[in-house]
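Asks: Got a structure for you, questions after.
Every number in this text was worked out from the coordinates using simple rules, so none of it is lab data. Just so it is clear, the structure is predicted and the values come from calculations on it, not from any experiment. Cβ atoms come from the backbone with ideal geometry, glycine included; neighbour counts cover every protein chain shown.
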Amino acid sequence: MKTAILRSAGAALRRNAAPSRPSHRSHYSTASEPERKVAILGAAGGIGQPLALLMKLNPLVSSLSLYDIANTPGVAADVSHINSRAQVEGYAGEEQLGKALEGSDVVIIPAGVPRKPGMTRDDLFNINAGIVKSLCTAIAKYCPSALVNMISNPVNSTLPIAAEVFKKAGTYDEKKLFGVTTLDVVRAKTFYAGKAEVPVAEVNVPVVGGHAGITILPLFSQATPKSNNLADEEIKALTKRTQDGGTEVVEAKAGKGSATLSMAYAGAIFADACLKGLNGVPDIVECSFVQSSVTELPFFASKVRLGKNGVEEVLGLGPLSDYEQQGLESLKPELKASIEKGIKFANQN
Ligand SMILES: NC(=O)C1=CN([C@@H]2O[C@H](COP(=O)(O)OP(=O)(O)OC[C@H]3O[C@@H](n4cnc5c(N)ncnc54)[C@H](O)[C@@H]3O)[C@@H](O)[C@H]2O)C=CC1
Ligand SMILES: O=C([O-])CC(=O)C(=O)O
């Protein structure tokens, strides 16, 4: 996946360097790729800035809209000088939000406060729930058919908030709303490759459940390439490290925020998958926290096939080891409570 993004970025740069272009086409346009507008809300933040860079490098993006409450003109001016296809616009302040969103195919939301050491993701609820609610109200108004990629934490609650806001506005389409859990997959792949001593670029590990602590359930029994040399204790340690990956970064940053660079990478991978799905590329499968009937919970992360309308198919969990089955049962009460908290907030405020 990583190499695919780098390859496509490289291809974009090579295309832009081509000496002769038909004069009737935009300098950066390509015959085969449709126009796609991507908006990033929270674009001046720790995740927003490197994510803006990565989306500017993505040749599938024709228009990149960078929105934040402040500081977006600088980020937009900076990123816009990169010689790739996307035309960049920066928008700052609520009065420009409508313009930032209009016509968007994909909206990525990394707006909101990050954790400090000692905090859980749920401790962010009081501030981020309101931010997400107001941004989703605007999405319902200005680009109701966009695919929404929710990064703001706690994702286990912010995604249900978004769903409720869209339901109230009459624009909810469960195929178009995604909680971004790609960073859990990115971490599981990295940690597994290190322990199993297999080439990291070939590794696949589904991660299901939600996006906080024990609700993050990596399915190492389904990891490929298979490794026969991992003991049960090592699988447990890998599971715990994946579940605590966010906290590992929060503690290492010692008060200066949470994962931003790895999250921007993960967010770019997921947005790229959404764009490929929209463009009709077949067999695009990523894990995501979506409306689901895979378990009795209304939202659940699992593998999802992406297509021209967003979610084409929510895939099942596949065979679980006893350890994973136990993990699945233990995560349900916490995930259920976080989902209900989000729904309640959206309907009371
Ligand atoms: N889903 C995931 O895997 C991950 C989620 N996160 C979450 O992403 C969020 C952002 O993290 P960082 O970028 O590190 O934080 P940050 O504080 O560096 O950036 C957040 C940005 O959001 C902006 N913002 C605040 N209110 C806004 C509003 N109403 N409209 C638009 N923008 C607004 C701020 O001005 C700031 O630029 C946090 O909630 C964090 O917990 C972080 C890492 C991984
Ligand atoms: O841990 C946090 O607060 C940020 C996050 O969601 C992650 O890095 O997975």
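Asks: Using mean Cβ contacts within 10 Å as the protection proxy, how do 72-80, 296-304, 165-173 order, highest first? The partial results should precede the final answer.
Replies: Values: 72-80: 18.2, 296-304: 21.7, 165-173: 16.3.
Answer by packing, highest mean first, reads 296-304, 72-80, 165-173.
Asks: In region 277-349, if the dipole is taken from +1 on Lys/Arg beta carbons and -1 on Asp/Glu beta carbons about the Cα centre, which of Thr295, Leu315, Asn279 is farthest to the positive end?
Replies: Asn279
Asks: If you don't mind, there's one more thing I want to ask. Tell me which lysines have Cα within less than 19 Å of Lys195's Cα, excluding those fewer than 8 residues away on the same chain?
Replies: Lys226, Lys236, Lys240
Asks: Something else now. So which of Lys167/Lys303; Lys133/Lys168; Lys175/Lys308 end up more than 21 Å apart, counting from Cα to Cα? List each step's numbers first, then the result.
Replies: Working: Lys167/Lys303 24 Å; Lys133/Lys168 11 Å; Lys175/Lys308 10 Å.
Over 21 Å apart, Cα to Cα: Lys167/Lys303.
Asks: Identify which of Asn58, Asn228, Asn279 has the largest mean-square fluctuation in a Gaussian network model of the chain, with springs joining Cα atoms closer than 10 Å.
Replies: Comparing Asn58, Asn228, Asn279 in the GNM, the peak value goes to Asn228.
Asks: Which value, in debye to the nearest 20, gives the size of the charge dipole of region 198-349 about its Cα centre, when Lys and Arg are +1 and Asp and Glu are -1 at the Cβ? Before the final figure, lay out the partial values.
Replies: Details: 14 positive and 18 negative charges, 97 e Å.
Roughly 460 debye, rounded to the nearest 20.
Asks: Return one number: the angle in degrees, 0 to 90 and rounded to the nearest 10, between the long axis of the Cα atoms of helix 48-57 and the longest principal axis of the Cα atoms of the chain.
Replies: 60
Asks: If every alpha-carbon in region 244-315 counts as one equal scatterer, what log10 I(q)/I(0) does Debye give at q = 0.27 1/Å?
Replies: -1.08
Asks: Assuming a ≥ b ≥ c are the square roots of the Cα gyration tensor eigenvalues, decide whether region 188-343 counts as rounded (a/c under 1.5), prolate (otherwise, with a/b larger than b/c) or oblate. Each step should come with its number before you reach the end.
Replies: Working: a/c = 1.21, a/b = 1.16, b/c = 1.05.
Rounded, because the longest to shortest axis ratio a/c is under 1.5.
Asks: Just how many % of Cα pairs in the chain lie over 25 Å apart, if you round to the nearest whole percent?
Replies: Working: 30757 of 60726 pairs.
Cα-Cα pairs of the chain separated by over 25 Å account for 51 percent.
Asks: So, one more: As a quick test, which of the pairs Lys253/Lys336; Lys56/Lys332; Lys116/Lys336 have an alpha carbon distance above 27 angstrom in this structure? Could you put the intermediate results ahead of the total?
Replies: Working: Lys253/Lys336 30 Å; Lys56/Lys332 38 Å; Lys116/Lys336 25 Å.
Over 27 Å Cα-Cα: Lys253/Lys336; Lys56/Lys332.
Asks: Additional query: As a test, work out the antiparallel percent of DSSP beta bridges whose residues both lie in the chain, rounded to the nearest 5. Can you show the working numbers first?
Replies: Working: 18 of 39 bridges.
Looking only at bridges with both residues in the chain, the antiparallel portion is about 45 percent.
Asks: Working from the pairwise distances between different alpha carbons, so that the mean of 1/r is found and then inverted, what is region 83-229's Kirkwood radius in Å? If you can, show how the numbers build up before the last one.
Replies: Numbers: mean 1/r = 0.0580 Å⁻¹.
It works out to 17.2 Å.
Asks: In nm, to one decimal, how far is the modelled label at Glu102 from the one at Asp322, with both set 7 Å along Cα→Cβ?
Replies: With each label placed 7 Å out from Cα toward Cβ, I get 6.2 nm.
Asks: Give, to the nearest whole percent, the P(r) tail of region 239-281 beyond 13 angstrom, counting all Cα pairs.
Replies: It works out to 64 percent of all Cα pairs.
Asks: Further, regarding this structure: Quick one: what Rg and Dmax do you get for region 24-104 from the alpha carbons, in Å?
Replies: Cα-based Rg and Dmax for region 24-104 come out at 12.1, 39 Å.
Asks: Now for a separate question. Hey, for a label at Asp232 modelled as a point 7 Å past Cα toward Cβ, could you say which residues of region 315-332 have their backbone N under 14 Å away?
Replies: Answer for region 315-332: 321-327.
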